[in-house]
Structure formats: C-alpha cells, structure tokens
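Structure first, then comments.
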Amino acid sequence: MTPLLIVGDLARFTWGLILAAALAVAVLAFNYLSKQAEQREEFYVLLLLATLGAMILVASSHFAAFFLGLELLSVSLVGLIAYLRARPFTLAAGFKYLVLAAVSVSFTLFGIAPDLCQPGPPGFCRP
C-alpha cells in the first residue's frame, strides 16, 4: 500500500500558512458575524472543514487523498459562499459554485482515470 499523505517539511510549512490564513479569517469574521442575524457557529465549522480539506490537499500523495481533500474543500466552500441567506445573491452564488465544482470534479476524475489504468502503484510519486 502507498501512503495517502506525505508529511514533509514543505507540507508542514504550507500547513502553517493555511492555519495562519484560517486564523486570520476567523478573527476578522468575528466582528462581522456578530452584526449578522445568522448563527456564527456554522461559519466556524465550515471554515474548519475547508482548512482540513486544504491541508489534506497539500500533503496528498495518492489520488484518493487528493480527491477527498478537493471535495472536502469545495463542499465547505459552497456552504461558506451561501452562508448569509438574508442577502439576495448568496444562494445563487452558492448554486453556481456548486455546479462549477461538479463540472471540475468530473473533469478531474476523467483525468485521473487513465493514470489509474497504468501498472504500478497509483499516486503522484512513481519511480
């Protein structure tokens, strides 16, 4: 079996950048979300899931881990885009991003499929 994630120095550095960006978003969004009528807890859960998806995507060495990280990131971003339901265009923007994400995932899977048919272990790091 091949490892799904490779945690090296570059992955740790990029994880630090992703966590710093997520922390900055959480701090900046706190004051903004306190003025909104929506519940704030859902925003932070979606932000945490997007952060986890980005971290998986960065360290993936296998197509399965890459696809799971991409899906976790894109589904949580759909929720973040359509979070404020009181605004008129957020649901439309979320739906448009959902359709765009579905099309891009289908093209990604079509691109991964020929590589999985090759002999040898599937993944990015082939000898």
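Data overview
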quantity: Filtered chymotrypsin sites (Phe, Trp or Tyr not before Pro), region 22-127: DSSP coil and at most 15 other beta carbons within 10 Å; calculated: PHE89, PHE124
quantity: Trypsin sites (Lys or Arg not before Pro), loop per DSSP, at most 11 other Cβ atoms within 10 Å - longest free stretch of the chain; calculated: 36-84
quantity: Given charges at Cβ of Lys, Arg, Asp, Glu: the chain dipole, positive-most of GLY123, HIS62, ALA93; calculated: ALA93
quantity: Under the Debye formula (equal points on every Cα, no solvent term), log10 I(q)/I(0) of the chain at q = 0.12, 0.13, 0.14, 0.20 Å⁻¹; calculated: -0.56, -0.65, -0.73, -1.16
quantity: Accessible-area composition of the chain, carbon plus sulfur, in percent [1.4 Å probe]; calculated: 75
quantity: Long-range amide H partners of LEU5 with built H, under 5 Å; calculated: SER61
quantity: Span-like helix ranges in the chain, DSSP H, alpha carbon extent 27 angstrom or more, Kyte mean at least 1.6; calculated: 41-59
quantity: Computed accessible area, VAL103, all protein chains, 1.4 angstrom probe, square angstrom; calculated: 70
quantity: Probe 1.4 Å, accessible area per residue of region 47-127, Å²; calculated: 60
quantity: Estimated 222 nm signal from helices in the chain, with DSSP H stretches of n ≥ 4 weighted -39500 (n - 2.57), rounded to 500; calculated: -25000 deg cm²/dmol
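The values are calculated or read from the model by the stated rules, or taken from the named source; none is laboratory data. Worth saying up front: this structure is predicted, and the values here are computed from it rather than measured. Neighbour counts are summed over all protein chains in view; Cβ atoms, including those assigned to glycine, are modelled from backbone coordinates with ideal geometry. The protein model used for the area step is the full one, side chains on, heavy atoms only, and it has no ligands, DNA or RNA in it. Shrake-Rupley method; radii C 1.70, N 1.55, O 1.52, S 1.80 Å.
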